[in-house]
Amino acid sequence: MSNSKLYKGSLNTIILQLLNQHNKMYGYEITQKVKALTKGELNITEGALYPALHKLEAEGLLDVEVAKVDNRLRKYYKLTDTGTKETVNKLEELADYIKTMQALVNPKLA
Amino acid sequence: MKLTQPQIQQLYTFTQKHYVEWYDLQTELVDHLANGIESQLANNPNTTFESALQAEFKKFGVIGFGDVIEEKTKALNKRYHHLLWGYFKGFFKLPKIIITLFLIYGCFQLLIVLPNRLWVLVPSTALLFVIPVLVMYKQFQRIKQIQKETNKKWLFDTIIFQLGGLIHFIQIVIQVAFFNINQSWCTTFSFVFSVGFVLFALAFFIAIYIVSPKLRKDMAKQHPDYKFA
């Protein structure tokens, strides 16, 4: 990530929102999608992505399905009903955070 | 260019060499590495499979797959506890709370009525621990059999076998039950012990007979290669 500390707290929200938009995704696909959407500005590291995915799965926000693709198995993640609800909450939290930061760093735009 | 089956197998061996022994975790990492390698080979045809693999592995950081293993273990334990807690809470709602209260009352009454509390403690601890030990022995044999037949180890099974860490608390319960055995217990202590003992027994029962089978079923549903025996 370009500034990992700033983005770290939003990693779960990023994952949830991507899955909200794309139904089901696998780990590598998420890293590439984020890279493409941010034009290479944000690069999610593998060491951060998988622990985050496994944590969200453990919390019951993500469901998993393993399918055979080409000549190997692929693990897909998708949102559970709780995950879909949580995505809305997380996005609201993020929007509030951005608004607060805007008010602090650039009061004219807030 | 898609990787060949021998190359995929090579990736499984690679993850194993880097301390990922469990097939459920290996599968995800192998697919990730394979995607990265395929992308590198497509963008730069002069790259070799080996150098592309090393480049992909470097992306996991200095400790390699260490973080992923640690966090996955934590996440599985968390999922186990989450389920356990969910079912456990069910024993404090009607109608199951009647069973919970009855067991606490029964244990407490026996402790205060019988002249020697060992008459209660010995059979109840035996019942509480011998049965699970037998169940776990059966589990252990099952895991070994699966490993022998398929040459695969599942991190999932390891967590289930340890009952999400609950197994480590057995020792504490035994120590409290048989601590200072010649000294008599006051009524309050007998009551507190009855509550603690029944709650622990319930947690143990839920872990062995409800949570573990449920997780195995979920895994069998998720993973086509998981042999559910």
Q. Which condition number in (1) surrounded by 17 or more Cβ atoms within 10 Å (Cβ to Cβ); (2) among the polar types (S, T, N, Q); (3) away from chain B (no Cβ under 13 Å) is the one that A:N23 fails?
A. (1)
**Q.** Those residues of segment B:3-59 which are open to solvent by less than 10 Å² (accessible area, probe 1.4 Å), within 10 Å of chain A (Cβ to nearest Cβ) and either over 17 Å from B:L155 (Cα atoms) or outside any helix (DSSP H, G or I) (or both), in sequence order
**A.** B:L3, B:I8, B:L11, B:D31, B:H32, B:L33, B:A34, B:G36, B:E56
Q) Wholly within segment B:100-182, which helices (runs of 4 or more DSSP H) include no fewer than the required count, namely at least 3 residues that are at pLDDT 80 or above and more than 20 Å from B:A203 (Cα to Cα)? A) B:118-150
Q) How many of the residues making up segment A:28-63 are open to solvent by 30 Å² or more (accessible area, probe 1.4 Å) and more than 9 Å from every other protein chain (Cβ to nearest Cβ)? A) 9
Q: Confirm whether B:F92 is free of Cβ contacts under 8 Å to residues at least 12 places away in the same chain and either open to solvent by 60 Å² or more (accessible area, probe 1.4 Å) or of a type in the set (F, W, Y) (or both).
A: yes
Q. Out of segment A:75-110, which residues are among the basic types (K, R), over 15 Å from the mean Cα position of the chain (by Cα) and open to solvent by 60 Å² or more (accessible area, probe 1.4 Å)?
A. A:K99, A:K108
**Q.** Check on B:Q171, within 22 Å of the chain's Cα centre (by Cα) and under 25 Å from B:Q16 (Cβ atoms)
**A.** no
Q) Which of (1) assigned to a helix (DSSP H, G or I); (2) at pLDDT below 80; (3) under 23 Å from B:L101 (Cβ atoms) is the odd one out, the single condition B:W185 does not satisfy? A) (1)
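The values are calculated or read from the model by the stated rules, or taken from the named source; none is laboratory data. The structure presented is a predicted model; accordingly, all values stated were derived computationally and were not measured. Counting neighbours? That spans all protein chains shown, and the Cβs are built from the backbone with ideal geometry, glycine included. The area values use the complete protein model at the heavy-atom level, side chains included, leaving out ligands, DNA and RNA. Shrake-Rupley method; radii C 1.70, N 1.55, O 1.52, S 1.80 Å.
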